[in-house]
Amino acid sequence: MQIARDILLRSYRAMRTIRDFEERLHVEFATGEIPGFVHLYCGEEASGVGVCAHLSDTDTIASTHRGHGHCIAKGVGVDGMMAEIYGRRTGVCRGKGGSMHIADLSLGMLGANGIVGGGPPLICGAALSHKLLKDNGVAVAFFGDGASNEGSTLESLNLATVWKLPAVFVVEDNGYGEATGASYACAGTQKDRAKGFGMPYFECDGTDFFSVYETAGEAIAHARSGKGPAMVHVHLARWYGHFEGDAMTYRANGEVAALRRDKDCLNLFRNRVTEVSLLEEADLDDIDTSVRAEIDAAVLSAKAAPIPEPEDLHADVYVTY
């Protein structure tokens, strides 16, 4: 399919930003300066970016504990994200949320979520709002193969179908629910589950931006047109452990090295667009340089920022309507 040049450039920048942001966090977390847990999205960049490329600020998404990539794909700034992860007052949630609870409601990013299967119910509420407000918005829930077994997720699939909500459920299937293989833990198939709830099922290769972009576009268009919810099953793989510090003893020797060599979504994207002259190498090199500088600046700014004060504990608890 033909994709406009500005979308290609924007999408590559988003994927590169996610990759560099996560690789830098991998280094910084090892210093002990970052509080709490961190779950990295490296290797999965094409999924979040390919889906969110079809969304506007009016549309809403709910993420997972592995939420940095979805945040960046939806447009959340890296300065505020990095400060939030460091627990600083300048963070997007003023340092009170941390890695697993980054949110920016102004951009339709309802938040990362430490609860497995916590996003789909939120998306049903957001989708109902879009439907009642008639704002043409779509709500997207990202969740993993592990969360696909949670009752909250299955109830959400049912509710979205019953109420014919403009919702898209994106299963990011990286093959492991923490350390448990999806082939062992998931009965049946995601396709069968979608069929059981009466919603269209779409499937794509999560290492191929173009596959995700085209597939997500169909599913989102279906939901936006008022035909009800859809499921997108994205096959991908994470490069790091479930969390930083996970030794990944449950993975085969050489598995991750092979993924980095053969299934890097950024390299696959770069090769494809340059081979057919959609973009030039220089365009992508310029983005790489710019993003590296942006991440460096974000880390320096976060480390220099103040921590929250005790009085901040009672701020931003409730929304005033």
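The numbers here are math on the coordinates, done by the rules we state, and not lab data. Quantities reported herein were computed from a predicted structural model and do not represent experimental measurements. Quick reminder, even Gly has a Cβ in these numbers, built from the backbone with ideal geometry, and neighbours come from all protein chains shown.
Observations
- Placing +1 on the Cβ of every Lys and Arg and -1 on the Cβ of every Asp and Glu, with nothing else charged, gives region 5-302 a dipole about its Cα centre of roughly 940 debye.
- Estimated translational D of region 171-321 in µm²/s (Stokes, Kirkwood radius over Cα pairs; 20 °C; 1.002 mPa s): 108 µm²/s
- Taken over the alpha carbons of the chain as equal point scatterers, the Debye sum produces base-10 log I(q)/I(0) values at 0.08, 0.15 Å⁻¹ of -0.34, -1.27.
- Length gained when the stretch GLU178-ARG89 is fully extended (0.36 nm per residue, less Cα-Cα span): 28.9 nm
- Residue with peak Gaussian network fluctuation, the chain [Cα springs, cutoff 10 Å], from SER277, SER290, SER56: SER277
- Length, then width, then depth: along the principal axes, the Cα atoms of region 1-132 run 43, 35, 25 Å.
- Taking 7 Å steps out from each Cα toward its Cβ at ALA293 and VAL27 produces label points 1.8 nm apart.
- With the convex hull drawn over the C-alpha atoms of region 140-260, the volume per residue is 100 Å³.
- Under 17 Å between alpha carbons - lysine pairs in the chain that sit 8 or more apart or on different chains: 8
- Packing, taken as the mean count of other beta carbons within 10 Å per residue, orders the peptides 42-48, 218-224, 123-129 from highest to lowest as 42-48, 123-129, 218-224.
- Each part gets one Cα centre, and for region 29-57 versus region 155-193 those centres are 20 Å apart.
- Efficiency of FRET from Cβ geometry, ASN253 and LYS303, R₀ 56 Å, rounded to 0.05: 0.95
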